[in-house]
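Have a look at the structure below before the remarks.
The values are calculated or read from the model by the stated rules, or taken from the named source; none is laboratory data. Bear in mind that the values here come from a model prediction, so they are computed numbers and not experimental data. Note that we place each Cβ from the backbone using ideal geometry, even for glycine, and neighbour counts take in every protein chain shown. Keep in mind that these areas ignore ligands, DNA and RNA; they rest on the heavy atoms of the full protein, side chains included. Shrake-Rupley method; radii C 1.70, N 1.55, O 1.52, S 1.80 Å.
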Amino acid sequence: EAAARTWPDEVSVVLCLDTSRALADAPRALAGPRRPPAGWALPEDAFAHRDSMITKYEVRALALARLGPRPGDLVWDVGAGSGSVAVECARLGAAAVAVERTADGAERCRANAAAHGVDLQTVHGTAPDVLAELPEPDAVFVGGGGRELEAIVSACALRARRAVVVTLAALDRVPAVRAA
């Protein structure tokens, strides 16, 4: 009935009839602006972060272009740190999940989401194990790294519908990530 109805331009309604893709047990609104934000790939000082451990804005711009977040999408930010990529995806209208293994990092993600006025689900846990509990993503950003990087990228590649974007600080990690 809703699909056949004529709606005015100002109505923004999203129905999630596939409960396996829902982000929460309770009904929620999809976080998405009516108009795109004035800018994206915000400068590092727009986010709280630890010791300059943040995806730099030039890298974030390229990652966002490859992720292509839009309303109706679900994007994971794995190894979120400050959650800058997840926040930017949410600012562009996508539902976003920030996965962070440290408690202070998870709290930083929440604080950055609040500071930018976006709805962001933050999961405090260690990838790849915690990823099994999440709904299927359209796109995944993998930042950080660590010993489990190859397993994390493999798990994400098996689940992402459209894209997996990985940023690396060391070139010697490229072959393992490509293989994954």
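Things to note:
- Taken together, ALA98, ALA127 contain a single residue that is in a strand (DSSP E or B), at negative phi and among the small types (Gly, Ala, Ser), which is ALA98.
- Of residues in region 156-180 being at pLDDT 95 or above and open to solvent by less than 30 Å² (accessible area, probe 1.4 Å), the one nearest to SER84 (Cα to Cα): VAL165
- Condition met for ARG70 (among the charged types (D, E, K, R), in a helix (DSSP H, G or I) and open to solvent by 10 Å² or more (accessible area, probe 1.4 Å)): no
- Looking at ARG110, ARG173, just one residue is of a type outside the set (A, V, I, L, M, F, W, C), without any contact (Cβ under 8 Å) to a residue 60 or more places away in the chain and in contact with a helix residue (DSSP H, G or I) (Cβ under 8 Å, 6 or more places away or on another chain), and that residue is ARG173.
- Residue check for LEU158: out of contact with any His (no Cβ under 9 Å at 6 or more places or on another chain) and touching a residue at least 12 places away in the same chain (Cβ under 8 Å): no
- Some residue of region 162-175 being of a type in the set (S, T, N, Q) and over 20 Å from ALA65 (Cβ atoms): no
- Which listed residue, of ALA95, ALA127, ALA80, ALA90, is of a type in the set (Gly, Ala, Ser), buried (at least 23 other Cβ atoms within 10 Å of the Cβ), touching a residue at least 40 places away in the same chain (Cβ under 8 Å) and in contact with a Cys (Cβ under 7 Å, 6 or more places away or on another chain): ALA80
- Among (1) open to solvent by less than 20 Å² (accessible area, probe 1.4 Å); (2) of a type in the set (D, E, K, R); (3) free of Cβ contacts under 8 Å to residues at least 12 places away in the same chain, the one test that ARG147 misses: (1)
- Any hit, region 133-144, residues being of a type in the set (D, E, K, R), more than 30 Å from LEU171 (Cα to Cα) and in contact (Cβ under 8 Å) with a residue 12 or more places away in the chain: no
- Selection of region 62-86 for residues being closer than 12 Å to ALA160 by Cβ and within 8 Å of the chain's Cα centre (by Cα) yields LEU74, VAL75, TRP76, VAL78.
- Index of the failed condition, GLY117 passing every other in (1) under 21 Å from ALA48 (Cα atoms); (2) open to solvent by less than 60 Å² (accessible area, probe 1.4 Å); (3) assigned to a loop (DSSP other than H, G, I, E, B): (2)
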